[in-house]
Amino acid sequence: MKQTDTALESTAEGSDAGRHRTAWVLGLACAAQFMVVLDVSVVNVALPSIRTALHFAPVDLPWVVNAYGLAFAGLLLLGGRLADVLGHRRAFVGGLALFSVASLAGGLAVSPGALVAARAVQGAGAALVAPATLTVLTGTFPEGPVRTRALAVWTAVGVAGGAAGNLIGGALTEYLSWRWILLVNVPIGAAGVLLAVRLLPGGRDGAARPSLDIPGAALATTAIAAVTYGLAQAESRGWSDPMTAGVTAGGLLALAGFLWVEARLARAPLVPLRLFRIRSVGVGNLILLLTGACLIPMWYFLSLYMQQVLRYGPLRTAAGFLPHTLVTMAVGARLAPGLMRHAGPRALIISSAVVSAAGFWWQSRISPGSGYVDGVLGPALVISVGTGLLLTPITTAVTNGVAPPDAGAASGLMNTTKQVGGALGLAALSTVAATDVPGVQALTAGYARAFLVIAVVLTAVAVVSLALPRHRDEGR
């Protein structure tokens, strides 16, 4: 009898063998998510070494980062829908294989063009893997406390991947070579492919295979890539630059065209607009957009603060983020599921957003005389408790109530919302933090302004969360 994508669900709380199998599935999904999130930031510390080794021009060096980010953000919606069309195992295995082969090519690159191309293909593979990891979990674990615990672990591991990028990249670059920040993915990816073939069901659930919305995919990819590119260029070129304004306007026009196609023309929409009729999905994605605009830029500004104001080196800066990583993982994986059972996702999102806002307000009090303890560690503890409790209920909100045929589209939408929120937030906050006055005093004041704006936005998240439906994650 042919296995289906929901076959594991029946064993999620069944026999010892079933629990053992689902534990492996959870580990596999988390490891893949860790890899794709890690590679967003892992190259940052290695950029000076890459520039010297491959003779990058200064203007071209940011594309080592941007090529991955643009492909990742631009193809996430398509990747999510492909998980529904192809089946979760095919999408997961294909994306992970593509990511691993591109990592090998990047690690062996001998020219700037080859490395940038490899990073773009890596991003395409990541865009297929990231929504597939979430779809695998929602197809394996039924709604309720079991799924909540799985999503809590998945969310915590994703946070760890983002935070660990600088630490791992710095260590590999300093003790081995910059090439190993990419080559290390190859054996891990190969092991993941073998495990996925063995663990994940290979068929579909018997429903008719949905067609792929090619026009919608093209418009969505164009819109997200163009807007992201425009935002990335705005800081250096300014909004008055014709290329920045033109590309951004073109992206917004493509976005309008995408919405029209999805609503009027597509037989099987890339993002079914009916998803937004589910209040938790619509409001939850707005909350996720605002949260991504706060939390993703946090790493950027704190990294600059530690290196430019506290004068830390790359490895010491990376180590300075350990409290954020460890506390967020511990709180998110261990406390959030239990609190959700007692309070429900809405109450937990509201309260944790307020706690996070308080932490960023404290972070905004930094001065040139601040040290690590009062300038980073103290605020980090408050911020990490808040964000650790915030991310799991948001993830639960945007996936609850979604029918299995739309699971991939919903997870692709969630990942896209987070990435686009981060790009919007970084562009806006970079403008807020910018200063033409040299010196540590001006730099610190700029970072303080950015952190204060983050505190205000997270307060707005608490207010918007009042629109979420009341729901309690009932025990089973």
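The values are calculated or read from the model by the stated rules, or taken from the named source; none is laboratory data. None of these values were measured; they are calculated from a predicted model. Here Cβ is always computed from backbone atoms with ideal geometry, including for glycine, and neighbour counts include all displayed protein chains.
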Where in the stretch 321-364 are the helices (runs of 4 or more DSSP H), entirely inside, with at least 2 residues that are among the polar types (S, T, N, Q) and within 21 Å of the chain's Cα centre (by Cα)?
322-330, 345-363
Residues of the stretch 371-401 that turn out to be buried (at least 21 other Cβ atoms within 10 Å of the Cβ) and out of contact with any Ser or Thr (no Cβ under 9 Å at 6 or more places or on another chain), as a count
1
Looking at the stretch 367-385 only, could you name the residues that are more than 19 Å from LEU443 (Cα to Cα) and in contact (Cβ under 8 Å) with a residue 40 or more places away in the chain?
LEU377, ALA380, LEU381, ILE383, SER384, VAL385
Criterion: over 18 Å from the mean Cα position of the chain (by Cα), more than 28 Å from HIS88 (Cβ to Cβ) and surrounded by fewer than 22 Cβ atoms within 10 Å (Cβ to Cβ) - qualifying residue of PRO368, PRO404:
PRO368
Which residues, counting only those in the stretch 275-291, are more than 17 Å from ALA223 (Cβ to Cβ), touching a residue at least 24 places away in the same chain (Cβ under 8 Å) and either charged (D, E, K, R) or part of a helix (DSSP H, G or I) (or both)?
LEU275, ARG279, SER280, VAL281, VAL283, GLY284, LEU286, ILE287, LEU288, LEU290, THR291
With VAL121, VAL136, VAL110, VAL116 as the choices, which residue is in contact (Cβ under 8 Å) with a residue 60 or more places away in the chain and either in contact with a strand residue (DSSP E or B) (Cβ under 7 Å, 6 or more places away or on another chain) or among the aliphatic types (A, V, I, L, M) (or both)?
VAL136
Residues that are among the β-branched types (Val, Ile, Thr) and surrounded by 17 or more Cβ atoms within 10 Å (Cβ to Cβ), drawn from the stretch 48-64:
ILE50, VAL64
For the stretch 16-59, which residues satisfy the criterion of being in contact with a Lys or Arg (Cβ under 9 Å, 6 or more places away or on another chain) and either among the acidic types (Asp, Glu) or modelled with pLDDT under 60 (or both)?
ASP39
